[in-house]
Amino acid sequence: MGLNLKEIVYYSTVLTIIGISFIYYAPCNHILYNSDHAIHVLMSKNIEFPRDFYYWGQNRLGSFFPMVSFVFGKIFKFHLLYINSFVLYLFLFTSFVFLSKQLNNYFFKIALCTLIFFPIGEYRALVLIGHPYFSQLLSAVFFVYFLHKLKEYLVNHSIFNKSVFLVAVLFSMLSFIFYFIGVWISEFNLVFILIPLFYLIFDKSLQNILIKNIKNSWFIFYTLTTTIIFFLGLLLIKTIKEYSNDDHVYDNPFINKFDDLYLNIEFFLAKLKGTLLFKDDSLTESLFYWSTIFFTILVILLKTQKLKNSKTTFINANLQNALFLVVIFSSIALFFSTWNLRSEFSPRYFTLTYVIYYFALFLSLDYCALNKILKLLIGVIVIYFATSYSYIHYFTNNGPSVFKLYSDFKKLPKGTLIGDYWDVYKISSVAIDNLEPLPYDHMTVRNWKWKNELLNNERFYLLDNEFPIPGGIKDTIFQFGLFFKATGNSYNCNNIKVLEYKKLFPTVSTKYKIKASNGNYLSVDKSSFLVSAIEPNSNNADLFELILFPEGKYAIKSDFGYLVVNEGENEKIYANSNHIWSLELFNLVLSEKNGVNIKSFKGKFVCADLGLENLLIANRDKPLDWENFIFEK
């Protein structure tokens, strides 16, 4: 049977919305595409476990999306940025299709489509691949879908036997799989367990099934099986998380101080005031929130009126009420989250709630005895606000795509790109086959655990732009415990100057002879273990090994032990610690003479003191010229 005119118009409108959205919002085209998003593209190049269970360098944001992109990238030989863009829209489109099937009114369907593909305000995070919301939405949609399939099947097959047991376990397994995929992506998705709990408490048909089968052996077996599977899922998530580093900031998700709570309330009220009193920049966004308040009041009035005219309870076991429950609990949890506090109450964290809430509103309005003209008006209002916001802020202000900005970098010979975080990952996601990223700031190196692989490349490129490496561009630089020397080759990539460097020493793990400014090499006294600059002959100089720690500081180790600073008056330096937990960590700062200033844990610079027979001491407040050290292979 062919499509009627109404369906043709509907499908054409949806495809037009998605097509326009892809042109402006897809990662390969979006003006807001940055390094946070680019990391997902780089991850999809080569997935390795356990390294890539989570977003690089984190113990959160499970890597479901880059895993799917990786599979598509192996099948279809397109640039991975295009692959990621396609998979993003595949996730969003699939979620929309399943949600829209629950709606009857075509204007509500189109309104939902615009809210997803033309997100308003900070909810634009829904279409940004550096955020988990689109993946969370997909997993939640499939979880609820298979949950409803299970519910429908059990209602129609109320007495348990072997065949009912097998089908029920199958649907339960499928719902659990997507539930735990969602939890792996973000612990926020734990809140969706409220939906089956809601049905168990308020759905009389499920309660009748429970009563009928309370002594049924197949039902008991099913209950035990699904309970075990559920807890095994939780254990799996916990096990996966143990492969990642702890995060003292994000591992404490909720506010636990009254002062912080008070501050978060102030942030919320300021945001509310700015939005509802039209003090923020976007008039369209403010009007959208006012319309949301109006629609909410309308739904409450309609439900109250329905309650008065019928014998049904206010809490019905239907999907929209279950979703409203999820919205309420998730909003409370997000209000008390430390993430929101650090962002001064950002609506971005409510992105998934935004989609769920409007879907629940449309469901409620769709099944209420509401005038068709009023339903049309509501749909048109939402469509207008969503399209207007996108038109004003993006359709008319879209800049060049990331490919146009960095296409020349694909011509560089294979090597490692060193520069600012916001540059190197984004550029490398375009030049993905020939460049590997390594930010100069250790705090922003997402791929820190395998940096040695990147430092074993033959060529190194430094960006000579407005964000140069600390200390500036020089003929010789010290970075990541290695010395790099300019080769003299330079490139102009999209009007960005790129300088080529090579390592002075061939391997990452090296031992050095250290020469002080007096021309002597550092040596360790065999009896006192004091370190001094008294050895004139390089052949007799002691060797020192640099051990880099994640915080960007170094332990310096001789054959006699780790270097530590004496707590005494002169703060002499000894090489007498054999325990890594009691070592001294030093900062190495490239000096003006292409050497290094060594800075102690207390912030004092090390020097070879002439008055103390060239003993090394750490008591200088400023790095003077004669405190310069040269590291030699």
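Laboratory data are not the source of any read-out in this text; all were calculated from the coordinates shown. These figures come from a predicted structure and were not determined experimentally. When we count neighbours, we look across all protein chains shown, and the Cβ atoms used for this are built from the backbone with ideal geometry, even at glycine.
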Quiz item: Tilt of helix 64-75 relative to the longest C-alpha principal axis of the chain, in degrees (0 to 90, nearest 10)?
Solution: 90
Practice problem: For an R0 of 41 angstrom, estimate the FRET efficiency from the Cβ-Cβ distance between Val97 and Leu504 and round to the nearest 0.05. | Solution: 0.10
Exercise. Putting +1 on Lys and Arg Cβ atoms and -1 on Asp and Glu Cβ atoms, find which of Leu234, Asn371, Asn447 reaches farthest to the positive end of the dipole of the chain.
Key: Asn371
Quiz item: So between Tyr262 and Phe231, what do we pick up on full extension, going 0.36 nm a residue minus the alpha carbon distance?
Solution: 7.5 nm
Practice problem: Using the number of other C-beta atoms within 10 angstrom as an exposure proxy, rank Lys572, Lys604 with the fewest first. | Solution: Lys604, Lys572
Quiz prompt | Between helix 106-117 and the chain: long-axis angle, C-alpha atoms, 0 to 90°, nearest 10 | solution = 0
Quiz item: So how compact is the range 106-162: Cα radius of gyration and Dmax in angstrom?
Solution: 16.9, 52
Exercise. Go ahead and run the numbers for FRET between Lys553 and Thr444, Cβ-Cβ distance against an R0 of 22 Å, rounding to 0.05.
Key: 0.85
Practice problem: Identify all aspartates and glutamates with a Cα-Cα distance to Lys602 below 13 Å; exclude those on the same chain that are fewer than 8 residues away in sequence. | Solution: Glu567, Glu571, Glu584, Asp621
Quiz prompt | Number of Lys pairs (Cα under 21 Å; 8 or more positions apart or on different chains) in the range 26-168 | solution = 7
Exercise. Per DSSP H run of n ≥ 4, the term is -39500 (n - 2.57); total these for the chain, divide by its residue number, and report the mean residue ellipticity at 222 nm rounded to 500 deg cm²/dmol.
Key: -15000 deg cm²/dmol
Quiz prompt | Estimated FRET transfer efficiency (Phe395, Ser291; beta-carbon r; R0 22 Å; 0.05) | solution = 0.55
Quiz item: Among the aspartates and glutamates, which have Cα under 13 Å from the Cα of Lys633 when same-chain residues fewer than 8 positions away are ignored?
Solution: Asp542, Glu545
Quiz item: What nm value, rounded to one decimal, do you get for the distance between Leu3 and Asn252 when each label is placed 7 Å out toward the C-beta?
Solution: 5.5
Quiz item: How far, in degrees from 0 to 90, does helix 372-390 lean away from the longest principal axis of the Cα atoms of the chain, to the nearest 10?
Solution: 10
Practice problem: Find how many whole Å separate the alpha carbon centroid of the range 394-411 from the alpha carbon centroid of the range 87-161. | Solution: 31
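Over all directions, the average projected area of the alpha-carbon convex hull for the range 402-503 comes to how many nm²? The partial results should precede the final answer.
On the way: hull surface 23.1 nm².
That works out to 5.8 nm², a quarter of the Cα hull's surface.
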Self-check item: Partners for Lys411 among aspartates and glutamates (Cα-Cα distance below 20 Å; same-chain residues under 8 apart left out)
Solution: Asp423, Asp433, Glu436, Glu458, Asp464, Glu500
Quiz item: What Rg and what Dmax come out for the range 26-140 when only alpha-carbon atoms are used, in angstroms?
Solution: 14.7, 46
Quiz item: If the limit is 19 Å between Cα atoms, which of Lys449/Lys502; Lys572/Lys622; Lys526/Lys599; Lys474/Lys511 go over it?
Solution: Lys449/Lys502; Lys526/Lys599; Lys474/Lys511
Quiz item: Given [x] 106, 50, 49; [y] 99, 60, 51; [z] 76, 63, 50, which label gives Cα extents along the principal axes in Å as computed from the coordinates?
Solution: [y]
Quiz item: About the Cα centre of the chain, what is the dipole size in debye to 20, counting +1 per Lys and Arg Cβ and -1 per Asp and Glu Cβ, all else neutral?
Solution: 2720
